[in-house]
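In what follows, a structure is listed as C-alpha cells, so that the remarks can point back to it.
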Amino acid sequence: MAGEPQDDCLFCKIVAGHVPATVVRETDATVAFQDINPQAPVHILVIPRAHYENAAELAAGAPELAAAVLKETKEVAEEQKLDSYRVVFNTGAGAGQTVFHAHAHVLGGRGMQWPPG
Ligand code: AMP
Ligand code: ZN
C-alpha cells in the first residue's frame, strides 16, 4: 500500500536503520544522506520516510510530503553552502531511476551542463 514500508526496498531499509547510510539531515518526515556513488562534490539524496515508488506517486499520494522533501533539498543546499545546485527526481527506469523509493538528488559543487544526458 502507498506509504507503507516495503521489505525489498533499499531506501526503506535505510530509513529503518537496517542498511547503513551517512545521514546529513533528518526530520520527522524525511531523511537526507550521502549518495554512495557521488556524481558531484556534493551529492545528497533526500527521501521521504514513507515509501512511494517515485516522485509522481509521492506528489499524487502525499503532496505535503512532496513539499517537505523539496523543502529539505533547500535546507541541504544551504547547509552545504551551495549557491547553485541541481535537484533531480529521476522518474522511471527510462530516465535513470534505479531505486524505486522516491528521492531527490541534490547535486552541487561543480559546474553543470544543460541539457542533461
Ligand atoms: P536513481 O538512479 O535516481 O534511482 O538514484 C539512486 C541513487 O541511489 C544512485 O545515485 C545511487 O548511487 C544511490 N544509492 C544506491 N545505493 C545506495 C546506498 N546504499 N546508499 C546511498 N546511496 C545509494
Ligand atoms: Zn521504500
So if I check each of Pro5, Pro20, which one is open to solvent by 40 Å² or more (accessible area, probe 1.4 Å), assigned to a loop (DSSP other than H, G, I, E, B), within 29 Å of Gly109 (Cα to Cα) and not charged (D, E, K, R)?
Pro20
Conditions (1) of a type in the set (Gly, Ala, Ser); (2) within 13 Å of ligand 2 (Cβ to nearest atom); (3) touching a residue at least 60 places away in the same chain (Cβ under 8 Å) -> Ala40 fails only (2)
Using the structure shown, decide if Glu78 is among the acidic types (Asp, Glu), open to solvent by 70 Å² or more (accessible area, probe 1.4 Å) and either more than 13 Å from ligand 1 (Cβ to nearest atom) or under 21 Å from Cys12 (Cβ atoms) (or both).
yes
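Any chance you could count how many residues in region 98-117 are under 27 Å from Leu10 (Cα atoms) and in a loop (DSSP other than H, G, I, E, B)?
Initial filter on region 98-117 (under 27 Å from Leu10 (Cα atoms)): 98-109, 116-117.
Cutting the leftovers down to in a loop (DSSP other than H, G, I, E, B) gives us 98-103, 109, 116-117.
Of the residues in region 98-117, 9 are under 27 Å from Leu10 (Cα atoms) and in a loop (DSSP other than H, G, I, E, B).
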Would you please name the residue that is surrounded by the most Cβ atoms within 10 Å (Cβ to Cβ), looking only at residues in region 26-51 that are of a type in the set (S, T, N, Q) and part of a strand (DSSP E or B)?
Thr30
If I filter region 84-97 down to residues being near ligand 1 (Cβ under 8 Å from one of its atoms) and assigned to a loop (DSSP other than H, G, I, E, B), which single residue comes out as least open to solvent (accessible area, probe 1.4 Å)?
Gln97
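The values are calculated or read from the model by the stated rules, or taken from the named source; none is laboratory data. Everything numeric in this text was worked out from a predicted model, so none of it was measured. Don't worry about glycine lacking a Cβ; one is built from the backbone with ideal geometry, like all the others, and counts go over all protein chains shown. Each accessible area value is taken on the protein alone, full model and side chains, heavy atoms only, with ligands, DNA and RNA left out. Shrake-Rupley method; radii C 1.70, N 1.55, O 1.52, S 1.80 Å.
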